[in-house]
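Please read the structure below before turning to the comments.
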Amino acid sequence: MGRTLSAVALLGLVTVAVAACGDGQATPSVRPATTAPAPVSTGSAPRAAAAGPAWNTYGGAASRAGVAPGAPATPQLRRRFARSVDGQVYAQPLIAGGRIYVATENDSVYAFTAGGKLVWKRHLGAPVPGGDLPCGDINPSGITSTPVIKGGHLYTVAFLASGHRHVLFGLRLSSGSVAVRANVDPPNALVEQQRGALLAAHGRIYVPYGGLFGDCGPFRGYVVSTTDSGGGRIAYHTPATEAGIWSPAGISAQSGTLLVATGNGGAGALGDQNSVVRLTPGLRREAFWAPADWAGLSSGDVDEGSLAPLPVSGGRVFQIGKDGVGYLLRGGLGGVGGQQFSASVCSGGAFGADAFRAPLAIVPCGSSLYGLRVEGSRFRVAWRGGGGVAPVIAGNSVFALTGDGTLEQLRFTDGHTIASMHVGKGATSFPAPAAAGHTLAAPAGRAVVVFSI
């Protein structure tokens, strides 16, 4: 069964939990912005933020490549400020227009200037207490996934105690006021966890779902999508039960299509469990891949979908999961056992998110980061070093947060440690920094710590 790891960050962990999602489809509801509470603001109405390098979505791009735009060639890590927030931070911070955006499990979103001043705070409602759910290990459960910025709005999904609903909010970047509000619940919402990052593409917002830690209840892998304005709902779900889409990077984009990786499924025929699935913008399955031992992986709780699919050179896709085996897939994915190349990367399992800048894929596996050199139809290990679960490539460096709250800076070409700095205790699972220009923002439990690079 798939389970998601979600309480204290762990590297080299072998016992984790995964997720998935339910079948059927709920009727969406769209409400006017006036139903939301007013934002907390400091100072007078903000001026339009200056343009500049931006990290608008998980991994900095729809491909989830994890490359910081506008970063200096040789980053110098210096602590700038830290700010406390009102709940645990599982989402990756976002950086846009000279501001840093942080979402919390208390269903709040903050906007800070690059110098640390609070511009606005929006509290969207009371989160769901852990005791209201049949299993799981996030308490309370509010905003768990990484939002996405598009068209002057920040889109986020809040899990609300009132009605136990997953609601998509579109917040105006200028003020935090609500422009869009839509119900994006899958069926059986109490056993669904919205862990994977949101994706904005094709005039739509895509929302992946998986199950709670403990795999309780009737869930399936699910993607729910609305238009940017909150209407026109469509959905995909895995034919197999369970088979959650739960990795923190969620959905990646490649060549006008979407890619998801799924976890373990229930017993029976292959139904997109332990698979990479290519979806059209309308959420129709176009292609898939699964390892030949997909059934054995399911029986042993060894998810293939502990990381999202990573587009790499030549239209290929790199995939790795809990068994630590890396696969290089052609654009057509290849069906069961149809990978172009595979090799063991580590014995400790891969969790979190990876990154890519040709020719290297930076992959968290076991307790280390691996630099994998992608060469045509194959890859090989170029280096192993450091730790962390969601690497960011910036200039000549790789930055990643470890489970004990240490921000490590490694040299991109060989993995040599350049610097390290303690961020703080209480890190959540899969802590993911973000970087753009000379700014790096790192989640730190109930805080965000911002560095100059």
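None of Gly52, Gly59, Gly43, Gly70 is among the small types (Gly, Ala, Ser), buried (at least 23 other Cβ atoms within 10 Å of the Cβ) and either part of a loop (DSSP other than H, G, I, E, B) or modelled with pLDDT of 95 or more (or both) except Gly59.
Within the stretch 413-428, can one find any residue that is assigned to a strand (DSSP E or B) and in contact with a Gly (Cβ under 7 Å, 6 or more places away or on another chain)? Yes: the stretch 413-428 contains one or more residues that are assigned to a strand (DSSP E or B) and in contact with a Gly (Cβ under 7 Å, 6 or more places away or on another chain). Every condition in (1) surrounded by fewer than 23 Cβ atoms within 10 Å (Cβ to Cβ); (2) over 19 Å from Arg83 (Cα atoms) is met by Leu133 except one, and the failing one is (1). The set of residues in the stretch 236-263 being surrounded by fewer than 23 Cβ atoms within 10 Å (Cβ to Cβ) and among the hydrophobic types (A, V, I, L, M, F, W, C) consists of Ala253 alone. Within the stretch 373-393, being within 27 Å of Gly331 (Cα to Cα), among the small types (Gly, Ala, Ser) and in a strand (DSSP E or B) holds for one residue alone: Ala382. For the stretch 115-154, a tally of residues being out of contact with any Phe, Trp or Tyr (no Cβ under 7 Å at 6 or more places or on another chain), within 18 Å of Ile95 (Cα to Cα), of a type outside the set (A, V, I, L, M) and touching a residue at least 40 places away in the same chain (Cβ under 8 Å) returns 7. Residues in the stretch 371-398 that are touching a Gly at 6+ places or on another chain (Cβ under 8 Å) and without any contact (Cβ under 8 Å) to a residue 40 or more places away in the chain were compared, and the one that is farthest from Arg411 (Cα to Cα) is Val381. Evaluated against (1) buried (at least 24 other Cβ atoms within 10 Å of the Cβ); (2) over 15 Å from the mean Cα position of the chain (by Cα), Gln194 falls short on exactly one condition, (2). The set of residues in the stretch 82-98 being surrounded by fewer than 24 Cβ atoms within 10 Å (Cβ to Cβ) and not polar (S, T, N, Q) consists of Ala82, Arg83, Val85, Asp86, Gly87, Ala96, Gly97, Gly98.
State whether the residues of the stretch 219-235 include one that is surrounded by fewer than 23 Cβ atoms within 10 Å (Cβ to Cβ), within 25 Å of Val302 (Cα to Cα) and over 16 Å from the mean Cα position of the chain (by Cα). The answer is no; no qualifying residue exists.
Could you look through the stretch 155-176, keep only residues that are among the small types (Gly, Ala, Ser) and in contact (Cβ under 8 Å) with a residue 24 or more places away in the chain, and pick out the one that is nearest to Thr57 (Cα to Cα)? That would be Gly170.
The values are calculated or read from the model by the stated rules, or taken from the named source; none is laboratory data. Predicted model, so just to flag it, every value in this text is computed and none were measured. All Cβ positions, even for glycine, are placed from backbone atoms using ideal geometry, and neighbour counts span all protein chains on display.
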